Every structure is written in C-alpha cells, then in structure tokens.
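> Sharing a structure, written as structure tokens. Questions coming.
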C-alpha cells in the first residue's frame, strides 16, 4: 500500500487522473502483480484472482447501460402515479427533499407526505414486479406475510 502511495506521490501532476480511487487501485494491483511474477513459486490462483479483480465503484459500460435502463423504467412507473403522489415521490426520492420540506411546500402534514411516499413506492414496486418479474436493482419486495400483518387488525 505504501509503495502505491509513493508511486502516486512521485507523479509530476495528477491532472490526467479522472478517478483517484480507481487510479490508486490500478497502481496497487500492478505492483502486486509485478511482485508475484518475480517470486520463484507462485500459486496460479493468486495471479488469476488479482488479474480478475475489478473495482466495483467503477461500473462497466454494460452495467452503466443496464442501470440507466432500470432508472428510465422507474421514471416511467413514477410518471404513471397520480399527480400529487408523483410530485411528492419525485421530490422525496429523486430530488432528495426532506419530508418536512415537502410538507411545507404543499401545505400538508409530514404524515401525509410519508403516506404518499409509501403508497407511491409500493405502486412502483408492484408495477416493476408486473412488468419485469424481478425486484428493482438494489430493492427487495415486501414480504407478503408482512403485508398481511399490516392489513390485519
């Protein structure tokens, strides 16, 4: 690790580096590969494992395209919500407004905002389930038993 930091510190400039995190891991990976290749006996699996390592914070073009398509699908589902619910869900989930800010903006209670967000997200999840038969990326479906408990007195 220290050697990787030293290599980066010795650079004349860092203007050419787009992602410092990815650049650092590339330097560390290359140093580790060089060290392993210089050893007399190296386990083949070690080299394969290091060469196949990919920084998860930097998604591949295929993953970026799939994520964009999923995002567009969710936006389409949100667009199908009733107007008030849609506006509240967009402000809360996309714009990042707090419940308090949304309540003040619309002149309603925070509890009403919470209920609109909950019903909007539920409708989006159900729509996703009907259209694509799988949970949205990073999302899980509510447990049907849990849904029954919420309805039962």
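> Would you please list the contacts, defined by Cβ atoms under 7 Å and residues six or more apart or on different chains, that run from a residue in region 97-119 that is without any contact (Cβ under 8 Å) to a residue 12 or more places away in the chain to a residue that is surrounded by fewer than 17 Cβ atoms within 10 Å (Cβ to Cβ) and outside any helix (DSSP H, G or I)?
From residues that are without any contact (Cβ under 8 Å) to a residue 12 or more places away in the chain, the pairs are 103/109.
> Which one of these does residue 24 not meet: (1) in a helix (DSSP H, G or I); (2) modelled with pLDDT under 80; (3) closer than 30 Å to residue 130 by Cβ?
All conditions pass for residue 24, except number (3).
> Does residue 103 satisfy the condition of being in a loop (DSSP other than H, G, I, E, B) and either modelled with pLDDT under 90 or touching a helix residue (DSSP H, G or I) at 6+ places or on another chain (Cβ under 7 Å) (or both)? It would help to see each step written out before you state the result.
On the way: in a loop (DSSP other than H, G, I, E, B): no; either modelled with pLDDT under 90 or touching a helix residue (DSSP H, G or I) at 6+ places or on another chain (Cβ under 7 Å) (or both): yes.
No; evaluated as a whole, the condition is false for this residue.
The values are calculated or read from the model by the stated rules, or taken from the named source; none is laboratory data. This is a predicted model, so every value here is computed, not measured. Positions of Cβ are backbone-derived with ideal geometry, glycine not excepted, and every protein chain shown enters the neighbour counts.
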